[in-house]
Amino acid sequence: MNAQSDFGIKAGLSYNSNGDLKEFTSEVDQIYKDEGKGKSGFNVGFYGKLDLGAIYVRPDLVYTQTTSEYEFNSQVEDYKLSKIDVPVLVGLNLFGPLNVFAGPAFQYILDNDLKGLEYESIKNEFTIGLNIGVSVELGKLGIDVRYERGLSSNEARWTKASETFTLDTRPEQIIFSLSYRLSGNKQ
């Protein structure tokens, strides 16, 4: 068996949401929960691929930005998250250009912002997620659709006017990507 490798560039759009925004009020011990509204995001980066016959290993290095909308203090605010994703995918060539893949995604949070709030802490900058999807390779072009879910529990916390808030920063998204192979010996 001869292993073949290639690499390329990729970019895509996503429809995403982050987790729940929870507000704990000290006055009546109520918990208010806002599941948030997903918005579109984007990603751009590089990939490598090592073909091992019917299976392959494909690590990506991708900059990702996601946005979710929450109602906070009777105002609608966007929560923006930017991160570096490193999915390490194992794929299987089903037939012809069609492939399926899955694997862990190692994530480093670069920045997160909810307008007008200063966080007391964010639990972890490094998190782990899961990617699963399908792809089609047509010559040098590739198209893939994947589902990503953050697995590591990770919350941003802050207190304002005797109210405590937590925001689950784990992304959940559907990602549509287009890739272009820059090297490799495939025809």
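No value in this document is a laboratory result; all are computed from the given coordinates. Just so it is clear, the structure is predicted and the values come from calculations on it, not from any experiment. Note that each Cβ is placed from the backbone with ideal geometry, even for glycine, and that neighbours are counted across all protein chains shown.
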Quiz prompt | Pairwise label distance in nanometres, I132 with L98, each label 7 Å out on the Cα-Cβ vector | solution = 1.8 nm
Practice problem: Can you tell me the FRET efficiency between Y108 and K140 if r is taken as the Cβ-Cβ distance and R0 is 41 Å, rounded to the nearest 0.05? | Solution: 0.90
Self-check item: 27 Å Cα-Cα threshold exceeded, pairs from K39/K140; K10/K83; K39/K83
Solution: K39/K140
Quiz item: Using a simple charge model, +1 on the beta-carbon of Lys and Arg, -1 on the beta-carbon of Asp and Glu, nothing else, what dipole does region 51-113 show about its Cα centre, in debye to the nearest 20?
Solution: 400 debye
